[in-house]
Structure formats: structure tokens, C-alpha cells
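Engineer: Let me give you the structure first, and then I'll get to my questions.
Just so it is clear, none of the values below were taken in a lab; they were calculated from the coordinates. Just so it is clear, the model here is predicted, and its values are computed rather than measured. So basically every Cβ, Gly included, is an ideal-geometry build from the backbone, and we count neighbours across all protein chains shown.
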């Protein structure tokens, strides 16, 4: 039997730790101890912190499993547990769940509908629902649906449960990049940087998304400056593996030595990670770099034939689930440059 005093002492110590794999392991150990003792109410709060940490470092499947455990316990104990933090994490679920191949497209849209219903029951604005939905439609390349839900997002009122303005602007920036409107995307990125709101994640991710569009627009010097900023805030963190991959692809065009250096410096970060979506991004960048630079296969860390098969197999798996050809098209387009 764990006393409240002992639980608070252990839990408060863990909360103070920054999100990392070390914190994740400590939380998992504490959660196992509480589960063995059947301390479900204490375990709920530990698992909520575990889910937040897993999300923060990009461990998609662990976040999903832990979040669903918390959601199920909440639904059984609505009169005893607090809702708002759970709804905040539900927003993260809608961002992350497309990264997992365990869920069908029907499953994913089912969670969107469930989130919408929970917002309505709690009397919150549907603004974050429409925001998450237009981002998902961009991911699926359903541009007309994305435009419709983007407008519904913009028309919905902000309230205490809306995402911060920087996070909203980051998704808007990606919306305009998808529409090939680089000018508007750059305007929004400048607004993200100049905003006084304390949220660095949107800034950190936004830099890398601009690199290839700037390169393709001939703004190479500008892109090189942005890449330096991007690397400073994204290096050596699993959360930013997709951004590192984008930097490798850009540097392959403009600074081959730097591309190789960055790739080798962080390849273990990718290979030791579980998120298949992140692995796909990094492995695709590696494959493109090796082919573009005509690296001798005997001098490379991967067997290129096997790597190419893995990349295409993953692309086909995601396309099969998403009912489109976006992943394979992305691979074909990049490798044909």
C-alpha cells in the first residue's frame, strides 16, 4: 500500500525532470510498481506524465497506448478525474496517430469524431478539432477538404482550450507550403519568430520545413542561414528526426560534406528509435544522399539495395493504409532529382 505522502514525494521528483529517455524509463519503472500494487488512481497520474513524456520525445506507440489507458480509466471514473489535461493530450493523439500503421483510416477518423464530441460535451470551441482535421487532410493530400476545414478553423472562436497562436501559425505555414505559396508561408514564419508567446516548438520545426521550398525558389543563401538556425535547435533529439532528415536533403544539394557529417552524427539516433514514420523520413534522406552523391556502397553504413527496398516497403504500407500514393510519390520525386 503506497501512502499519499510517499507517492507525492516520488512523483514530484519525476515531474521535475526534463522530458527524455531517462525520464521515460523512470516513469515506466514507477508505473510498473503502482500497477503491481493495483494503485489505479496514482497510476493514472503517472501514466498521464508518461504519455506527455513519450509524446515529447516522439515515442508514438508508447504515447498512444498510455493515452488510451488513461482515456479508458477516465471514462470509467468521470466524477473523480479531471478532463482538461486529457483533452489536451487528445489533441496530440490526433497529430501522432497517423504515424502508426496499427490504425486504419476509419479508426483515425473515428478518433477525430470522438474528440469532437468530447469538446461539444465540455462546451469548448471546435477550433482545435478543425485545426487537427485540416492538418490531417493536408497529410492525405485531400486539398479541397483541407481548405474547407482550414476555413472552419479560422472561423471558430478561440477559447481557453485552443492551441497557442504559435502552434496554430505553424500549421498554417505548412498549409501554405502545401499550396506552393512560399511568400505567405515566409510571412507566417516571421510572425512565429516575432511572437512573444512562450512556445519554442513551432519555431524549431518551422525552420526545416522552409529549406527545400527556399532552395527550389533560388533563395539558397537565405536557406543556408535558416539551416544553421534549424540545426542549433533540433540536433540530437529524437523529437526532431524528421527535421534533421529535411536538413540532410537540403544540404545534399548545397553542402555535401556537411550533409554527410550531419547524417553520420545522428544515424544512431534514428536506428535506435521505434517510430516508423520518423525512420522512414531519415532513411529516405539517407537513400537520397547516397544516390545523389554517388557514394560507393562499400563505403556506406547501409546496404543501398536493402535500404531502398525498406523505404519503398514502408512507403507502400503507409499508402495502403492512407488509401493514396503520397509516400511512394514522395520517394519517386526525390530520387528522380
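Engineer: Taking 1 over the mean of 1/r across every pair of different Cα atoms in segment 278-337, what Kirkwood radius in Å do you get?
Structural biologist: Values: mean 1/r = 0.0849 Å⁻¹.
11.8 Å is the Kirkwood radius here.
Engineer: Need one number: the % of Cα-Cα pairs in segment 77-168 sitting beyond the 23 Å mark. Intermediate results must be reported in sequence, preceding the final value.
Structural biologist: On the way: 917 of 4186 pairs.
That fraction is 22 percent.
Engineer: Which one, 237, 102, 321, has the greatest fluctuation when you compute a Gaussian network model over the chain with C-alpha springs under 10 angstrom?
Structural biologist: Evaluated over the chain, the most mobile residue of the options is 102.
Engineer: Now for a separate question. Does anyone have the angle between helix 143-155 and the longest principal axis of the chain? Alpha-carbon axes, 0 to 90°, nearest 10?
Structural biologist: Compared with the principal axis, the helix lies near 50 degrees.
Engineer: Please compute the length gained on full extension between residue 309 and residue 264, using 0.36 nm multiplied by the number of residues separating them and subtracting their Cα-Cα distance.
Structural biologist: On the way: separation 45, 0.36 × 45 = 16.20 nm, distance 2.08 nm.
Here the segment from residue 309 to residue 264 would lengthen by 14.1 nm.
Engineer: Please give the contour-minus-distance gain from residue 154 to residue 235: 0.36 nm per residue of separation, less the Cα-Cα distance, rounded to one decimal in nm.
Structural biologist: 25.8 nm
Engineer: Here's a follow-up. Please give the per residue volume of the convex hull enclosing the alpha carbon atoms of segment 1-111, rounded to a whole number of Å³. Numbers along the way, then the final one.
Structural biologist: On the way: hull volume 12.0 nm³, N = 111.
Given the Cα convex hull of segment 1-111, per-residue volume reads 108 Å³.
Engineer: Here is a further query. Only Cα pairs within less than 10 Å get springs; with that Gaussian network setup on the chain, which residue of 171, 79, 159 has the largest fluctuation?
Structural biologist: Among 171, 79, 159, the largest GNM mean-square fluctuation belongs to 79.
Engineer: Can you tell me which of 277, 100, 195 moves the most in a GNM of the chain? Springs connect C-alpha atoms under 10 Å apart.
Structural biologist: Sorting by GNM fluctuation, first place goes to 195.
Engineer: Relative to the first principal axis of the alpha-carbon coordinates of the chain, what is the inclination of helix 105-121, with its axis defined by its Cα atoms, in degrees from 0 to 90 and to the nearest 10?
Structural biologist: 50
Engineer: May I pose another question? Note the per residue figure in Å³ for the convex hull of the C-alpha positions in segment 200-337. Display every interim value, and only then the final one.
Structural biologist: Numbers: hull volume 15.5 nm³, N = 138.
Residue-normalised Cα hull volume stands at 112 Å³.
Engineer: Could you give the nm distance between label points at residue 40 and residue 292, where each point is 7 Å from its Cα heading toward the beta carbon?
Structural biologist: Taking the simple label geometry, residue 40 and residue 292 are separated by 5.3 nm.
Engineer: For residue 178 and residue 200, FRET efficiency with R0 = 30 Å and r from the beta-carbon atoms, rounded to 0.05?
Structural biologist: Numbers: r = 23 Å, r/R0 = 0.78.
That gives a FRET efficiency of 0.80.
Engineer: How big is the chain in terms of Cα radius of gyration and Dmax, in angstroms?
Structural biologist: 21.0, 65
Engineer: Taking 7 Å along the Cα-to-C-beta vector as the label spot, tell me the residue 77-residue 13 distance in nanometres, rounded to one decimal.
Structural biologist: Label-label distance for residue 77 and residue 13, simple model: 2.3 nm.
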